[in-house]
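Read the structure below first, then the notes.
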Amino acid sequence: MAEERGDYRILHEAALRDYLAGVLGLAATLGGEPPSWSITEVGDGNLNLVFIVKGASGGVAVKQALPYVRLVGESWPLPLSRAHYEYLALSKQAQLAPGLVPVLLHHNEALALTVMELLEPHIIMRKGLVAGTQYPRFASDITTFMARTLFFTSDHALAAAEKKDAIAAFAGNHALCKITEDLIFTDPYRIAEQNRWTAPYLDALAASLREDMELHVAVSRLKLKFMASPEALIHGDLHTGSVMVTENQTRVIDPEFAFYGPMGFDVGAVLANLLMAYFASSGHERSLGERRAFEGWVLEIVETVWNEFARKFLDLWRAGAAGDAYPAALFAAEKGAARLEAERHAYMQRLFADTVGFAAAKTIRRIFGLAHNIDFELIEDPRRRAACETRALRLARAMMVETGSFPNIADVTAAARKLRDWQPEFATG
């Protein structure tokens, strides 16, 4: 069965088998005869089809964009061009952070289809965190990925003309940006048809978000920064569901939301998802306190992710930035070097404030918006789930509205730790 839309068609199993058999090199990678290949559709995300294809010699992963949001259906159309932007982003990320994204094997722009290496025995990191698994390589790998992809696509590393050309290359991905602008920065704070939450326990909190003008101002400032600050090529959806891991390897996947935006959005997304894993953890306990060691590790990783990202970013900057920002000629000799170093730290402090705010926005949308995450969703008891979500929300509101109260990452983890055993009261009628 194939659905026709001009040159595009949705490749279901038989059509996909025929297509892959005709791509030079892929048949050899898989091995054996095409009828013997196993093809399994494994996409559990919100947007696309994802297939695992295995043959006698090996396997590949195939991702095809659908012309609509898979989570909602054909009533929400979406441009297929997002697959091409994802391919461009993965290609750039592979160049800047080699070994931290899947190897690209084939791309067909007309079919909105990309073939990549099959990552095995990697699993989606979010699933591992729900199970209480620790990943010793993650902090080192994700900070290298973020520092290198953000620094080398910024004005610190690029000439102004080169940067503007790069911005233009991704500017057409505005439909995916619009999803972020609505689902993260707008819908959770108003009545929106697709909003959902753990009812009835969070009904009062959902209503309070719609009346909280300080929160509305804070999130609108973040939305403006997201729309108007093309600082670097950002992944755009860098959560623990977009990372595949083993204990020894990390691979970042799914950058279809990529565009030139604020760096703090990516860093904040990583921290938000780790903090949500922390707050959800008690909801997955089978015996009291059994996950305390895991939770301690998560908060340690939260701190390490920011601290190591900042260190690596600054090291790249100090190593001789070639971009048009902060021209070396203006910071000559010892006096200039000292002033520039002070400015570097001030820059990172501003970036940290952005990171804190964006982390808060990412948290709130996962509790009250359309797309939730399994960290909370797999907590079966709704009252227990709501308690975990309320703790996360309480921290998120403070981080967004009182960002200045969190001058460093240790203040964030300290606040999270204090909320771990706080028991909210619910008026459920």
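Things to note:
- Whole-percent P(r), the stretch 268-385, all Cα pairs, 5 Å bins from 0: 2, 10, 15, 16, 14, 11, 9, 8, 6, 5, 3, 1, 0.
- Spin-label model, Arg318/Gln194: points 7 Å from Cα along the beta carbon direction are separated by 4.5 nm.
- Residue-normalised accessible area of the stretch 99-209, given per residue in Å² at a 1.4 Å probe: 40
- Across the chain, Cα pairs under 8 Å and at least six residues apart give a relative contact order of 17 percent.
- Semi-axes of the equivalent ellipsoid for the stretch 113-175, computed as √(5λ) from the eigenvalues of its C-alpha gyration tensor and ordered from largest down, come to 32, 17, 11 Å.
- Of all accessible heavy-atom area on the stretch 245-348, the percent that carbon and sulfur account for (1.4 Å): 53
- Evaluated on the stretch 207-250, the Kirkwood hydrodynamic radius is 13.6 Å, with distances taken between all distinct Cα atoms.
- Overall, the accessible surface of the stretch 5-129 at a probe of 1.4 angstrom is composed of carbon and sulfur to the extent of 54 percent.
- Taking 29 Å as the limit for the C-alpha separation, the pairs Lys54/Lys312; Lys92/Lys335; Lys54/Lys92; Lys63/Lys312; Lys92/Lys362 exceed it in the case of Lys54/Lys312; Lys92/Lys335; Lys63/Lys312.
- Here the extension length gained between Val23 and Arg417 equals 136.6 nm, from 0.36 nm per residue of separation less the Cα-Cα distance.
- Simple spin-label estimate for Arg311 and Glu290 in nanometres, 7 Å along Cα-Cβ: 3.5
- Note on percent of Cα pairs over 42 Å apart: of the candidates (1) 21; (2) 15; (3) 11, the value calculated from this structure sits at (2).
- Accessible surface of the stretch 366-420 [probe 1.4 Å, protein heavy atoms]: carbon and sulfur percent: 50
- The stretch 266-324 and the stretch 21-74 have Cα centres lying 32 Å from one another.
- Cα coordinate range in the stretch 145-233, projected on the principal axes (Å, largest first): 52, 24, 23
- In range of the label at Leu378: residues from the stretch 98-126 whose backbone nitrogen is under 16 Å from the point 7 Å along Cα→Cβ: 122-126
- Taking the C-alpha atoms of the stretch 20-88, convex hull volume expressed per residue in Å³: 101
- Per-residue [θ]222 nm for the chain (sum of -39500 (n - 2.57) over DSSP H runs n ≥ 4, rounded to 500): -16000 deg cm²/dmol
- For the stretch 222-265 and the stretch 98-153, distance of Cα centres in Å: 11
- The residue list Ala147, Gly22, His107 was ranked by how far each Cα lies along the charge dipole of the chain toward its positive end, using unit charges on Cβ atoms, and Ala147 comes out on top.
- Applying a DSSP loop filter and a limit of 15 other Cβ atoms within 10 Å to the chymotrypsin sites (Phe, Trp or Tyr not before Pro) in the stretch 1-70 leaves nothing.
- Our estimate of slack between Ala110 and Ser57, defined as 0.36 nm per intervening residue step minus the Cα-Cα distance, is 16.3 nm.
The values are calculated or read from the model by the stated rules, or taken from the named source; none is laboratory data. Everything numeric in this text was worked out from a predicted model, so none of it was measured. All Cβ positions, even for glycine, are placed from backbone atoms using ideal geometry, and neighbour counts span all protein chains on display. Heavy atoms of the whole protein, side chains included, go into the accessibility calculation; ligands, DNA and RNA do not. Shrake-Rupley method; radii C 1.70, N 1.55, O 1.52, S 1.80 Å.
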